[in-house]
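To keep things clear, I will list the structure first and then write my remarks on it.
The values are calculated or read from the model by the stated rules, or taken from the named source; none is laboratory data. What you are looking at is a predicted structure, and each value in this text was computed from that prediction instead of being measured. Neighbour counts are summed over all protein chains in view; Cβ atoms, including those assigned to glycine, are modelled from backbone coordinates with ideal geometry.
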């Protein structure tokens, strides 16, 4: 995929408005008789249109932090505000709705359904997010959007292929297309290159950079790769449960 390709995910946003804010986040896990404090009073303010990378060693709690901010997990202390609303105290159905409508997720492992082809896997996001009834009522438009995204990601020749016939980089691009289907305001990327070789990982990073640069897509990415992290607008390091600027 060349850097001149175009991907159209979300509406452009200004880099002045704080849309997501973590305040005093704490998360701990019980390991037998021991209590492990993974996150200790973590604060983070994310602006619209910003690309933030969270760097740290494996096991440092990066993914835990990302999952809490993305309403996939809950915290033991503190809060997460999205557009000023505390998502930490939302009932489950409201958190589900928020994730489906406002957040997109890319993971290290692609989580593609092996029995579905590329186009069908991409269409899972609106089907799950809006229900089968709404999906069927807008099926034509949604199929066209999925096909357009896949074309822009260099996969127009793979629409009917199943995941087992794709390379790792192609599978991750399908996962990116699926994450963009509902035009997320925030794209959360959890070690998106961690399962790929260096060259393929570089291609995926190019895709994310283009989304950010051309469409002003807001992105939060966690990675243990310092080189990739340095390409974001802002780099934060999670160490001993505390989040700090990479320069501090």
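A few notes on this one:
- Taking each residue of the stretch 51-66 that is without any contact (Cβ under 8 Å) to a residue 40 or more places away in the chain and on the phi > 0 side of the Ramachandran plot and looking for partners that are surrounded by fewer than 24 Cβ atoms within 10 Å (Cβ to Cβ) and part of a loop (DSSP other than H, G, I, E, B) with beta-carbon atoms closer than 6 Å, six or more apart or interchain, yields nothing.
- Only one of 96, 86, 100 that is touching a strand residue (DSSP E or B) at 6+ places or on another chain (Cβ under 6 Å), more than 21 Å from residue 238 (Cα to Cα) and surrounded by fewer than 20 Cβ atoms within 10 Å (Cβ to Cβ): 86
- Strands (runs of 3 or more DSSP E) (entirely within the stretch 7-119) containing at least 2 residues that are closer than 17 Å to residue 180 by Cβ: 103-107
- Scan of the stretch 96-127 for residues that are touching a helix residue (DSSP H, G or I) at 6+ places or on another chain (Cβ under 7 Å), within 16 Å of residue 139 (Cβ to Cβ) and touching a residue at least 24 places away in the same chain (Cβ under 8 Å), ordered by number: 119, 121, 122, 123, 124, 125, 126
- Residue list for the stretch 39-69, restricted to those being touching a helix residue (DSSP H, G or I) at 6+ places or on another chain (Cβ under 9 Å), surrounded by fewer than 22 Cβ atoms within 10 Å (Cβ to Cβ) and under 17 Å from residue 24 (Cα atoms): 44, 46
- The C-beta contact set for the stretch 161-183 (first residue at positive phi, second residue buried (at least 22 other Cβ atoms within 10 Å of the Cβ), distance under 9 angstrom, 6+ apart or interchain) comprises 183/9; 183/104.
- Among (1) touching a helix residue (DSSP H, G or I) at 6+ places or on another chain (Cβ under 7 Å); (2) crowded, with 16+ Cβ neighbours inside 10 Å; (3) under 30 Å from residue 53 (Cβ atoms), the one test that residue 147 misses: (3)
- Pair list, Cβ < 9 Å and 6+ apart or interchain, from the stretch 137-152 residues that are modelled with pLDDT under 90 to residues that are surrounded by fewer than 16 Cβ atoms within 10 Å (Cβ to Cβ) and part of a helix (DSSP H, G or I): none
- Highlighted here are the strands (runs of 3 or more DSSP E) found entirely within the stretch 160-248 that include at least 3 residues which are surrounded by 21 or more Cβ atoms within 10 Å (Cβ to Cβ): 186-190, 218-223.
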